[in-house]
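The values are calculated or read from the model by the stated rules, or taken from the named source; none is laboratory data. Note that the coordinates shown come from a computational prediction; the quantities given were computed from them, not determined experimentally. Note that we place each Cβ from the backbone using ideal geometry, even for glycine, and neighbour counts take in every protein chain shown. Surface accessibility is based on the protein's heavy atoms, side chains included, excluding ligands, DNA and RNA. Shrake-Rupley method; radii C 1.70, N 1.55, O 1.52, S 1.80 Å.
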Amino acid sequence: MKLLAAAYRHGSSRELDPQIHTHLTLQNLGLRADGTWGALNEKELFEFKLALGAVYRAELASELAKGLGFDIEADREYSRIAGIPKELEEEFSKRREQIEAALAERGFSGGKAAEVAALDTRKGKEVLDAEVLRDQWTTIAAEYGVTAESLQTLRTREMEPNPDSLSLDRPELLQKLTAMEAVFREKDLFRAVGVACSQAGRGSDEVKAEVAVLLRDPAVVKLRGKDGEIYYTTRDMLALEQEIQSLALEGKDDTLHILAPESVKAAMARFEFEKGFSLSAEQRTAIDHLTTQAGRIKILEGHAGAGKSTILIPVRDALEASGFEVMGASLQGKKAAGLEKDTGIKSQTLASLLRELQGYEREDGTAVPPTRTLTEKTVVVDEAAMNDTRLMAGLIRETEKAGAKLLLVGDENQVPPVSAGNPYRTLKQELGYAELSENRRQRQDCQKEASREIRAGEVKEALQKYLAAGMITIAKDRDEAIRETVAGFVDRFDAGDPSKTLLTAYKRSDVRELNALYVQLTSHREGTRIVMTEDQVDKMTRNKGIELSPTDRMINFTGQLLSKRPELAPLLPEEWNKDFDVFREFLDTYSGVELGARKDREGFDCRLEKVEALLSSIRKNEKANALDFEVMDDKERIEERSIR
């Protein structure tokens, strides 16, 4: 397809620092290969935004290297001209200083937060004569020893290098691509190769050529998703997932760790006597699943507040009474400490356990041998839902090698793994699991039901329960949010049991400022109240890259309005039911419900409608496994052989 665009090259930032960049005005039409014209899919263009930026920077670096002879070197995910003082770069980076100052002031970090800060701190463009600017830049650069003469000494690179001299470390590049996600798209590959080429002074043609080579590389596996789209993974990642699956299935019928039912019943009886309450039928079933059924790997899926830690106490008791050693592990040190405190199981981080079992290499290159071994009489309890594929593979290799039992405990619907893969979900599908679904932490039925609905993805239904119970408040600004939150805290605080009431802020810096910024949550045993500003909702929307649509209630309200005032129908903007802000402006002007002023009328709170629109638009962030996809490479090779 051919596109039509107008390019405008700019040489300065809004702060009038030297900054070459290009604005492209893209026409919403493209010429197809068959000669017909059609509209563009803007969603796909948006998804390729980061890849396009990387390719653009690669072409820029190529022009600096090939056209001007400068050496290019890596600078994080970007590139720089070798020999230019870092101090001069900082002098010419006033916009970055503004953004970093805004991030520090608000306690934010990360790329998405930086985008928001960039928008919030951006000022209008100033027009200044190019010659005046050039003179200013020349004077400033000279103060750091950079002159026309010194720049000539940096132009040492061969102007037209050997086209075959580009040598990307392809295994390293593929390792980076699958560090955080098990699968990747073509756009992710273009971005990674774009970064690598920009740091080598190579342009867009080299990027495209290298991507084509990588897509044919035997180390890359082509996949098809359930959505029909094409994805990719590496052969190493796929093999790792298959290894986890195979090892898990090998021990599925193991009976070595089955406990006598009498021992388990005795442990449950001791627990109930000591704690003064009875275990539920659901909890008893889960305990039996972990202790009296076959399998070296057993899994407990427990919803938040359902009592996972509670049942691990009699499980530990029964195992230890039967002669087994029980040890605990978790991805995070805080989680490991919590596991030990709540269950009495001596616990440590998973990384430290694997170092003890596998040994490791010091920074000076010397090898440290293993200091610990597992046996058939060992039971490892792991809070596993956050374990990525590489960590889980390391753990299962060790337990299977020793014939030890592994109890995986987690909640798939809470925080997903940070790095690539979601092996916990795969193992649940392969081996089955016991489930604790009854929320025993919350007491109000509406909250229990709302929690269940959120887990099931029924966000709108859950939100309505919070709205109906008065548990969400949208403040017009930070000061009001602070007052609302503190008032809620004081109202619910129980001096006799302070642990029942918790006041939290979004960031540590907010806590240090006595909850003076972005106070969000007041939580207590009897319920939860959320306090936030409408600005926060707007920023959350930008961070997620979401385009809000009007809620059903807003659309229904408009239908009622038009039935009373039909003369407003011609004034409805185009696609009014698809764009929240366009619709909001119409209602501001004609309905009497003042969304812009953030007022309520007749129970219709437009601020809360905006929250509902946001939550309804957010898709659940699930970590994918390569095994979730159809492997196309093998299928295509079989088809090719059959054709021959």
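Below, the figures for the structure above:
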| quantity | calculated |
| --- | --- |
| Residue count for the stretch 221-246, restricted to those that are open to solvent by less than 70 Å² (accessible area, probe 1.4 Å) and either part of a loop (DSSP other than H, G, I, E, B) or not β-branched (Val, Ile, Thr) (or both) | 14 |
| Identity of the residue in the stretch 551-582, part of a loop (DSSP other than H, G, I, E, B) and modelled with pLDDT of 75 or more, that ends up surrounded by the most Cβ atoms within 10 Å (Cβ to Cβ) | Leu572 |
| Candidate set: the stretch 247-264, residues that are closer than 21 Å to Pro314 by Cβ and among the hydrophobic types (A, V, I, L, M, F, W, C); chosen: the one surrounded by the most Cβ atoms within 10 Å (Cβ to Cβ) | Val264 |
| Flag for Ala420 being aliphatic (A, V, I, L, M), more than 27 Å from Thr310 (Cα to Cα), assigned to a helix (DSSP H, G or I) and at pLDDT 75 or above | no |
| Candidates Ala39, Ala65, Ala51, Ala61, filtered to the one that is over 30 Å from Tyr144 (Cα atoms) and in the same structural domain as Ala200 (by the TED database) | Ala51 |
| Subset of the stretch 1-52 that is closer than 30 Å to Asp135 by Cα and touching a Gly at 6+ places or on another chain (Cβ under 8 Å) - its residue that is surrounded by the most Cβ atoms within 10 Å (Cβ to Cβ) | Arg14 |
| Of residues in the stretch 274-287 being more than 35 Å from the chain's Cα centre (by Cα) and without any contact (Cβ under 8 Å) to a residue 40 or more places away in the chain, the one surrounded by the fewest Cβ atoms within 10 Å (Cβ to Cβ) | Gly276 |
| Segments classed as helices (runs of 4 or more DSSP H), wholly inside the stretch 4-101, with at least 3 members that are under 32 Å from the mean Cα position of the chain (by Cα) and in contact (Cβ under 8 Å) with a residue 60 or more places away in the chain | 49-62 |
| Which numbered condition Leu300 misses (of (1) farther than 17 Å from Thr399 by Cβ; (2) within 30 Å of the chain's Cα centre (by Cα)) | (1) |
| Test result for Phe271, at pLDDT below 95, open to solvent by 30 Å² or more (accessible area, probe 1.4 Å), more than 24 Å from the chain's Cα centre (by Cα) and within 30 Å of Val315 (Cα to Cα) | no |
| Condition met for Asp254 (of a type in the set (Asp, Glu) and under 25 Å from Leu408 (Cβ atoms)) | yes |
| Within the stretch 358-374, tally of residues that are open to solvent by less than 50 Å² (accessible area, probe 1.4 Å) and over 24 Å from Leu312 (Cα atoms) | 3 |
